[in-house]
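Below is one structure, written out as C-alpha coordinates; comments come after it.
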Amino acid sequence: MSLSLDETQPDPEALLRWYVELGADEAIGDEPVDWFAAATAAASVPIPAQSPASAAPASVTPPQQMPKPAAEAAPRRAPAAAEPPSDSAARALASAAQTLDELRAALEALEGFPLKVTATNLVFGEGVEQPDVMFIGEAPGADEDRQGRPFVGASGRLLDRMMQSIGLDREKNAYITNILPWRPPGNREPTPAEIATCLPFIRRHIELVRPRVLVPVGGTSAKTLLDQRQGIMRLRGRQFEYAGPGLDGPIPAIPLFHPAFLLRSSGQKALAWRDLLAIKQIIQ
Ligand code: URA
(Lines give C-alpha, C1' and ligand atoms only; values in the text may rest on other atoms or scores of the structure.)
Protein backbone atom coordinates (compact mmCIF):
# COMPACT_ATOMS: atom_id res chain seq x y z
CA MET A 1 0.00 0.00 0.00
CA SER A 2 1.37 3.41 -0.81
CA LEU A 3 0.87 6.44 1.40
CA SER A 4 -0.02 9.83 0.08
CA LEU A 5 2.23 12.77 0.99
CA ASP A 6 -0.32 14.02 3.54
CA GLU A 7 -0.16 10.76 5.45
CA THR A 8 3.61 10.73 5.67
CA GLN A 9 4.09 14.39 6.60
CA PRO A 10 3.20 15.52 10.13
CA ASP A 11 0.49 18.15 10.26
CA PRO A 12 2.54 21.28 11.15
CA GLU A 13 -0.29 22.76 13.23
CA ALA A 14 -0.71 19.55 15.25
CA LEU A 15 3.06 19.37 15.72
CA LEU A 16 3.17 22.95 17.03
CA ARG A 17 0.27 22.26 19.39
CA TRP A 18 2.12 19.19 20.67
CA TYR A 19 5.27 21.24 21.30
CA VAL A 20 3.27 23.88 23.19
CA GLU A 21 1.64 21.21 25.35
CA LEU A 22 5.11 19.91 26.19
CA GLY A 23 6.12 23.38 27.27
CA ALA A 24 8.23 24.25 24.23
CA ASP A 25 6.35 27.45 23.49
CA GLU A 26 9.12 29.92 22.80
CA ALA A 27 11.49 30.17 19.85
CA ILE A 28 14.94 30.76 21.27
CA GLY A 29 16.95 30.57 18.08
CA ASP A 30 16.54 30.76 14.33
CA GLU A 31 18.27 27.45 13.62
CA PRO A 32 17.61 24.11 15.33
CA VAL A 33 20.64 22.82 17.24
CA ASP A 34 21.23 19.14 17.98
CA TRP A 35 23.01 19.44 21.33
CA PHE A 36 23.37 15.68 21.51
CA ALA A 37 25.21 15.31 18.22
CA ALA A 38 28.14 13.02 18.73
CA ALA A 39 31.53 14.54 18.40
CA THR A 40 32.95 13.78 15.02
CA ALA A 41 36.66 14.04 14.87
CA ALA A 42 37.55 16.16 11.93
CA ALA A 43 39.66 14.30 9.45
CA SER A 44 42.30 16.84 8.80
CA VAL A 45 43.63 15.28 5.68
CA PRO A 46 45.33 17.94 3.62
CA ILE A 47 44.12 18.29 0.10
CA PRO A 48 47.11 17.91 -2.20
CA ALA A 49 48.04 21.04 -4.01
CA GLN A 50 46.71 20.97 -7.53
CA SER A 51 49.42 20.69 -10.07
CA PRO A 52 48.99 22.23 -13.43
CA ALA A 53 47.34 19.67 -15.71
CA SER A 54 50.37 19.55 -17.90
CA ALA A 55 52.60 18.53 -14.99
CA ALA A 56 50.14 16.10 -13.43
CA PRO A 57 51.70 12.81 -12.48
CA ALA A 58 50.03 9.85 -14.03
CA SER A 59 49.08 8.31 -10.71
CA VAL A 60 45.59 8.09 -9.31
CA THR A 61 45.18 9.71 -5.91
CA PRO A 62 42.54 8.00 -3.73
CA PRO A 63 39.61 10.32 -2.94
CA GLN A 64 40.43 12.50 0.06
CA GLN A 65 37.95 13.26 2.80
CA MET A 66 37.23 16.96 2.82
CA PRO A 67 37.95 18.59 6.19
CA LYS A 68 34.68 19.53 7.86
CA PRO A 69 33.86 23.18 8.24
CA ALA A 70 34.94 24.38 11.69
CA ALA A 71 31.37 24.67 12.97
CA GLU A 72 30.63 21.06 12.09
CA ALA A 73 33.96 19.63 13.18
CA ALA A 74 33.68 20.75 16.79
CA PRO A 75 30.26 19.87 18.20
CA ARG A 76 28.44 22.95 19.49
CA ARG A 77 27.84 22.90 23.17
CA ALA A 78 25.21 24.72 25.18
CA PRO A 79 26.73 27.84 26.70
CA ALA A 80 28.04 27.06 30.17
CA ALA A 81 25.22 27.95 32.56
CA ALA A 82 26.08 30.33 35.36
CA GLU A 83 25.82 28.75 38.81
CA PRO A 84 22.30 29.14 40.17
CA PRO A 85 22.19 31.69 42.97
CA SER A 86 22.43 30.16 46.44
CA ASP A 87 19.60 30.88 48.84
CA SER A 88 21.93 32.99 50.99
CA ALA A 89 23.08 35.01 47.95
CA ALA A 90 19.44 35.62 47.01
CA ARG A 91 18.68 36.71 50.58
CA ALA A 92 21.63 39.13 50.61
CA LEU A 93 20.66 40.64 47.24
CA ALA A 94 17.02 41.05 48.22
CA SER A 95 17.63 42.54 51.65
CA ALA A 96 20.09 45.09 50.22
CA ALA A 97 17.28 46.65 48.14
CA GLN A 98 15.95 49.78 49.81
CA THR A 99 13.36 50.70 47.19
CA LEU A 100 11.15 48.87 44.71
CA ASP A 101 13.35 50.12 41.86
CA GLU A 102 16.40 48.64 43.58
CA LEU A 103 14.58 45.37 44.10
CA ARG A 104 13.63 45.23 40.42
CA ALA A 105 17.26 45.99 39.50
CA ALA A 106 18.46 43.19 41.80
CA LEU A 107 16.15 40.73 40.03
CA GLU A 108 17.30 41.96 36.64
CA ALA A 109 20.91 41.40 37.70
CA LEU A 110 20.31 37.95 39.19
CA GLU A 111 22.48 35.43 37.38
CA GLY A 112 22.09 31.72 36.82
CA PHE A 113 18.33 31.45 37.39
CA PRO A 114 17.11 29.15 34.60
CA LEU A 115 13.61 30.66 34.28
CA LYS A 116 15.19 33.97 33.28
CA VAL A 117 16.51 32.28 30.14
CA THR A 118 13.17 30.93 28.99
CA ALA A 119 11.00 33.89 30.03
CA THR A 120 10.51 36.86 27.71
CA ASN A 121 10.10 39.50 30.40
CA LEU A 122 10.54 40.03 34.10
CA VAL A 123 7.07 40.47 35.60
CA PHE A 124 7.87 42.56 38.63
CA GLY A 125 4.53 43.85 39.90
CA GLU A 126 2.31 46.88 39.67
CA GLY A 127 0.06 49.03 41.79
CA VAL A 128 0.47 51.64 44.47
CA GLU A 129 2.83 51.63 47.46
CA GLN A 130 1.27 51.27 50.90
CA PRO A 131 -1.92 49.86 49.35
CA ASP A 132 -4.95 48.60 51.19
CA VAL A 133 -4.30 45.14 49.77
CA MET A 134 -1.34 43.38 48.15
CA PHE A 135 -2.35 40.37 46.01
CA ILE A 136 0.34 37.76 45.36
CA GLY A 137 -0.21 35.06 42.74
CA GLU A 138 1.95 32.11 41.78
CA ALA A 139 3.82 33.03 38.59
CA PRO A 140 3.22 34.86 35.33
CA GLY A 141 1.44 33.07 32.49
CA ALA A 142 1.93 33.58 28.74
CA ASP A 143 0.10 36.93 28.54
CA GLU A 144 1.93 38.31 31.57
CA ASP A 145 5.27 37.10 30.19
CA ARG A 146 4.59 38.84 26.87
CA GLN A 147 3.54 42.13 28.47
CA GLY A 148 5.79 42.13 31.55
CA ARG A 149 2.74 42.85 33.75
CA PRO A 150 1.07 40.66 36.37
CA PHE A 151 -2.45 39.24 35.97
CA VAL A 152 -3.34 40.63 32.55
CA GLY A 153 -4.79 37.46 30.94
CA ALA A 154 -8.18 35.84 31.46
CA SER A 155 -7.57 35.15 35.17
CA GLY A 156 -6.24 38.69 35.60
CA ARG A 157 -9.45 40.12 34.18
CA LEU A 158 -11.42 38.07 36.70
CA LEU A 159 -9.11 39.18 39.51
CA ASP A 160 -9.69 42.82 38.49
CA ARG A 161 -13.47 42.25 38.70
CA MET A 162 -13.13 40.56 42.09
CA MET A 163 -11.09 43.51 43.33
CA GLN A 164 -13.56 46.03 41.94
CA SER A 165 -16.39 44.27 43.77
CA ILE A 166 -14.84 45.41 47.07
CA GLY A 167 -13.63 48.81 45.89
CA LEU A 168 -10.05 47.86 44.97
CA ASP A 169 -8.16 48.94 41.89
CA ARG A 170 -4.53 48.29 40.97
CA GLU A 171 -4.15 51.94 40.00
CA LYS A 172 -5.60 53.38 43.19
CA ASN A 173 -5.35 51.26 46.30
CA ALA A 174 -3.97 47.81 45.49
CA TYR A 175 -0.74 46.15 44.42
CA ILE A 176 -0.33 42.88 42.45
CA THR A 177 2.66 40.62 42.02
CA ASN A 178 3.66 36.95 42.05
CA ILE A 179 5.90 34.60 44.04
CA LEU A 180 7.95 34.01 40.86
CA PRO A 181 8.67 37.02 38.66
CA TRP A 182 9.44 34.84 35.61
CA ARG A 183 7.12 32.48 33.79
CA PRO A 184 7.83 28.74 34.13
CA PRO A 185 7.83 27.26 30.60
CA GLY A 186 4.43 25.93 29.56
CA ASN A 187 2.93 27.30 32.81
CA ARG A 188 4.20 24.30 34.74
CA GLU A 189 4.17 24.46 38.52
CA PRO A 190 7.21 26.17 40.02
CA THR A 191 9.67 23.75 41.60
CA PRO A 192 10.53 24.00 45.33
CA ALA A 193 14.05 25.16 44.34
CA GLU A 194 12.66 27.97 42.16
CA ILE A 195 10.35 29.07 44.97
CA ALA A 196 13.22 28.99 47.48
CA THR A 197 15.33 31.28 45.27
CA CYS A 198 12.48 33.76 44.79
CA LEU A 199 11.23 33.74 48.38
CA PRO A 200 13.66 36.37 49.75
CA PHE A 201 12.67 38.69 46.88
CA ILE A 202 8.93 38.40 47.44
CA ARG A 203 9.43 38.84 51.20
CA ARG A 204 11.41 42.02 50.57
CA HIS A 205 8.78 43.08 48.00
CA ILE A 206 6.11 42.89 50.71
CA GLU A 207 8.27 44.90 53.13
CA LEU A 208 8.83 47.63 50.55
CA VAL A 209 5.19 47.79 49.40
CA ARG A 210 3.88 47.81 53.00
CA PRO A 211 0.27 46.69 52.44
CA ARG A 212 -2.42 46.81 55.12
CA VAL A 213 -3.65 43.36 54.13
CA LEU A 214 -1.86 40.56 52.32
CA VAL A 215 -3.81 38.26 49.99
CA PRO A 216 -2.02 35.13 48.76
CA VAL A 217 -3.84 34.13 45.58
CA GLY A 218 -4.01 30.35 45.09
CA GLY A 219 -2.49 27.38 46.88
CA THR A 220 1.17 27.82 45.95
CA SER A 221 1.21 31.41 47.11
CA ALA A 222 -0.73 30.69 50.32
CA LYS A 223 1.46 27.72 51.29
CA THR A 224 4.67 29.60 50.51
CA LEU A 225 3.90 32.88 52.23
CA LEU A 226 2.10 31.43 55.23
CA ASP A 227 4.49 28.50 55.61
CA GLN A 228 1.66 25.96 55.55
CA ARG A 229 1.38 22.44 54.18
CA GLN A 230 -2.37 22.35 53.62
CA GLY A 231 -3.91 23.23 50.28
CA ILE A 232 -6.00 26.28 49.46
CA MET A 233 -9.26 24.41 50.20
CA ARG A 234 -8.24 24.28 53.85
CA LEU A 235 -6.40 27.59 54.02
CA ARG A 236 -9.12 29.84 52.56
CA GLY A 237 -11.79 31.06 54.93
CA ARG A 238 -9.19 31.70 57.63
CA GLN A 239 -7.23 34.74 58.68
CA PHE A 240 -3.47 34.45 59.23
CA GLU A 241 -0.82 36.91 60.32
CA TYR A 242 2.18 37.62 58.12
CA ALA A 243 5.32 38.94 59.81
CA GLY A 244 8.64 40.03 58.37
CA PRO A 245 11.75 41.67 59.86
CA GLY A 246 11.25 44.80 57.76
CA LEU A 247 7.61 45.32 58.75
CA ASP A 248 6.42 47.39 61.71
CA GLY A 249 4.29 44.48 62.87
CA PRO A 250 2.33 41.46 61.62
CA ILE A 251 -0.22 42.13 58.92
CA PRO A 252 -3.46 40.21 58.35
CA ALA A 253 -3.30 37.68 55.53
CA ILE A 254 -6.38 36.20 53.86
CA PRO A 255 -5.84 33.43 51.27
CA LEU A 256 -8.06 33.59 48.20
CA PHE A 257 -8.90 31.04 45.50
CA HIS A 258 -6.91 31.61 42.33
CA PRO A 259 -9.10 33.21 39.63
CA ALA A 260 -7.88 30.57 37.13
CA PHE A 261 -9.43 27.96 39.44
CA LEU A 262 -12.66 29.98 39.68
CA LEU A 263 -12.84 30.16 35.88
CA ARG A 264 -12.85 26.36 35.83
CA SER A 265 -15.01 25.84 38.94
CA SER A 266 -17.56 28.61 39.07
CA GLY A 267 -19.40 26.78 41.87
CA GLN A 268 -16.64 27.95 44.22
CA LYS A 269 -17.29 31.64 43.53
CA ALA A 270 -19.62 31.92 46.53
CA LEU A 271 -16.74 30.98 48.86
CA ALA A 272 -14.45 33.45 47.12
CA TRP A 273 -17.09 36.13 47.63
CA ARG A 274 -17.09 35.40 51.38
CA ASP A 275 -13.31 35.82 51.45
CA LEU A 276 -13.55 39.09 49.53
CA LEU A 277 -16.05 40.37 52.09
CA ALA A 278 -13.64 39.41 54.89
CA ILE A 279 -10.93 41.46 53.17
CA LYS A 280 -13.32 44.38 52.73
CA GLN A 281 -14.23 44.28 56.40
CA ILE A 282 -10.57 44.63 57.44
CA ILE A 283 -9.78 47.53 55.11
CA GLN A 284 -12.88 49.51 55.99
N1 URA B 1 -1.52 33.53 37.30
C2 URA B 1 -0.74 33.99 38.30
O3 URA B 1 -0.59 33.36 39.34
N4 URA B 1 -0.14 35.16 38.12
C5 URA B 1 -0.28 35.91 37.02
O6 URA B 1 0.31 36.98 36.93
C7 URA B 1 -1.10 35.39 36.00
C8 URA B 1 -1.72 34.20 36.16
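With r defined as the distance between the Cβ atoms of PHE261 and ALA196 and R0 fixed at 22 Å, what FRET efficiency is calculated, to the nearest 0.05? If you can, show how the numbers build up before the last one.
Numbers: r = 24 Å, r/R0 = 1.10.
The calculated FRET efficiency here is 0.35.
Determine, from the Cβ-Cβ distance of ARG210 and ASN121 and an R0 of 25 Å, the FRET efficiency 1/(1 + (r/R0)^6), rounded to the nearest 0.05.
On the way: r = 25 Å, r/R0 = 1.02.
FRET efficiency, ARG210 to ASN121: 0.50.
Quick one: which residues, 5+ away or cross-chain, put their amide H under 5 Å from the amide H of GLY137? H built at 1.01 Å from N.
Here THR177, ASN178, ILE179, VAL217 satisfy the definition.
FRET efficiency for SER88 and ARG157, Cβ-Cβ distance as r, R0 = 35 Å, nearest 0.05? Could you put the intermediate results ahead of the total?
Details: r = 39 Å, r/R0 = 1.11.
Once the sixth-power term is evaluated, E becomes 0.35.
For the modelled label position 7 Å from the Cα of GLU171 along Cα-to-Cβ, which residues of region 94-130 have backbone nitrogen atoms closer than 16 Å?
Taking a point 7 Å out along Cα→Cβ of GLU171, the residues of region 94-130 whose backbone N falls under 16 Å are 126-129.
Per-residue accessible area for GLU13 at 1.4 Å probe radius, Å² rounded to 10?
Rounded to the nearest 10, the figure is 120 Å².
The values are calculated or read from the model by the stated rules, or taken from the named source; none is laboratory data. Nothing here was measured: the structure is a model prediction, and the numbers come from that model. Note that we place each Cβ from the backbone using ideal geometry, even for glycine, and neighbour counts take in every protein chain shown. All accessible areas refer to the heavy atoms of the entire protein, side chains included, with ligands and DNA or RNA removed. Shrake-Rupley method; radii C 1.70, N 1.55, O 1.52, S 1.80 Å.
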